[in-house]
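Below is one structure, written out as C-alpha cells, with a few remarks after it.
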Amino acid sequence: MIPDSHSLHQPVLMNEFLQMMSPVIEAHDGKTLRYFDGTFGRGGHLKALLERHSNINALAFDQDPEAIEYGQKNFSTWLDQGRLELFQGNFSQFDVERWGHFDLMLLDLGVSSPQLDQGHRGFSFYHEGPLDMRMDNSQGITAAEIINAYSEDELNALFQELGEISRPYRVTRAIVHDRKEKPFLNTRDLAGLIERVEGWHRKGHHPATQYFLALRLSVNAELDVVENSLEKLVHGLKSKGRLAVLTFHSLEDRIVKNKFKEFAEETKDWGSAVNKKVIQAPWSEASENPRARSAKLRVFERK
Ligand SMILES: C[S@@+](CC[C@H](N)C(=O)[O-])C[C@H]1O[C@@H](n2cnc3c(N)ncnc32)[C@H](O)[C@@H]1O
C-alpha cells in the first residue's frame, strides 16, 4: 500500500502539453479519441485530458507496480466506466497488434516525485534506503549490484557516459577500495563516500547528483528503452495523431530530437516534428517546480 503523503507529483509542462494535443482533439469534433500514456506516474497528465474531454479513452502503462496500484485505487471511476485501462509494464512492450492505434500519446520520462522521495526505492541520496533504483523492482539488476561488481574502468565509463562527469576517478577508486571491506548496500553509504571524496559545502548541487543519475539510467536502461521504442510508438499513431515526449536531461532529449528528424526524412517520411524549437517551462513554472527547470517537450505528428 502506498502512503498518501507520497502520492504527490506535480505534472510538468501541463499547459503546453494540452495545447499541443488540442488540434487533434478539436479536429475530432466530439468523436471518441484514444490516448496512450506510457508513463502513468500519478496520472497527472492523463487526469487533465480525461477530465476535460469526455470523448477520450485511455490506456496507461507504468513499469512501477506502485504507480499502477495508485491508479487502481484513485482512478477507479474511469476504470469502472471502461474509459481507462492500466497495464503494469514497460512502454517498450507497446505492440500495435495488441493495443491498436492511438490519436494521442505521451511519454513523460524519468522518475516521479514519490519514487524519489521514498527511501525504500533507493533513488535518492537524501533518503536512507537500499541501493536499488529499479522502477520495476521485481526484475533486473540493482544499483548496489553495479557498484559492488563493476571494475574501476567500467564504473569510470558509466559515470562519464551517463553522468557526464569528466573525472570520476577519485570516487571510483574509493568505491573499489572501500567495497573490499564492506559492500555498498544503501544510498547513504554511497552518498557519504561521494561527499567525502568530492567535498560538499551544502551549497549548490549535491556532489552525488550526477553519480546517482548515471546509476538510475543504467539500472533501468532508460536511454536504450527510449531509443528503441519511439519507432514502435510512432507506428502506433493514427494518421494526424501526435506523440509528445517530455525529457529531463540532454542525452535523452538528443535521442528524441534525432529520432524525430530521422522519421521525417524522405526515406521514411512518417510525419514531422510539430515544434521545430524545443518547448521549455516558463519562468513561473520553473521557479515553483525544480523538476520543470530541465524539462523539454517535443511532439511528432504522424502523416
Ligand atoms: C515523470 S513520471 C510521470 C508522471 C505523470 N505524467 C504524472 O503527471 O503523474 C514517470 C513515470 O514513468 C514511469 N516510467 C519511466 N520509464 C518507463 C518505461 N520505460 N515504461 C513504463 N513506465 C516508465 C516511472 O515509473 C514513473 O512512474
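Laboratory data are not the source of any read-out in this text; all were calculated from the coordinates shown. Here the structure is a predicted model, which means the values were calculated and not measured. With ideal geometry, Cβ positions are generated from the backbone for all residues, glycine too; neighbour counts draw on all protein chains shown.
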Qualifying residue in the range 107-130 (condition: in contact with a strand residue (DSSP E or B) (Cβ under 8 Å, 6 or more places away or on another chain) and under 20 Å from residue 34 (Cβ atoms)): yes
Among residues of the range 107-123, those that are more than 10 Å from the ligand (Cβ to nearest atom) and either in contact with a Pro (Cβ under 6 Å, 6 or more places away or on another chain) or among the acidic types (Asp, Glu) (or both), counted: 2
Residue satisfying all of: in the range 22-53; in a helix (DSSP H, G or I) and away from the ligand (no atom under 16 Å from the Cβ); nearest to residue 78 (Cα to Cα) among these: 25
Residue among 183, 207 that is free of Cβ contacts under 8 Å to residues at least 60 places away in the same chain, surrounded by fewer than 16 Cβ atoms within 10 Å (Cβ to Cβ), over 25 Å from residue 40 (Cβ atoms) and more than 16 Å from the ligand (Cβ to nearest atom): 183
Residue list for the range 223-246, restricted to those being among the aliphatic types (A, V, I, L, M) and more than 15 Å from the ligand (Cβ to nearest atom): 234, 237
Single residue of the range 247-290 satisfying the filter (under 14 Å from residue 109 (Cβ atoms) and touching a Ser or Thr at 6+ places or on another chain (Cβ under 7 Å)) that is nearest to the ligand (Cβ to nearest atom): 248
Selection from the range 88-106 of residues that are more than 8 Å from the ligand (Cβ to nearest atom), closer than 21 Å to residue 301 by Cα and assigned to a strand (DSSP E or B): 102, 103, 104, 105
Criterion: within 23 Å of residue 223 (Cα to Cα) and among the polar types (S, T, N, Q) - qualifying residue of 160, 72: 160
Residue that is surrounded by the fewest Cβ atoms within 10 Å (Cβ to Cβ) [pool: residues in the range 54-73 that are within 11 Å of the ligand (Cβ to nearest atom) and of a type outside the set (A, V, I, L, M)]: 65
Residues (within 18 Å of residue 45 (Cα to Cα) and not small (Gly, Ala, Ser)) located in the range 234-260: 242, 243, 245, 246, 247, 248
So residue 163, is it closer than 30 Å to residue 68 by Cβ, surrounded by 14 or more Cβ atoms within 10 Å (Cβ to Cβ) and without any contact (Cβ under 8 Å) to a residue 60 or more places away in the chain: yes
Enumerated helices (runs of 4 or more DSSP H) restricted to the range 182-280, each holding at least 3 residues that are within 30 Å of residue 35 (Cβ to Cβ): 209-219, 222-235, 250-264
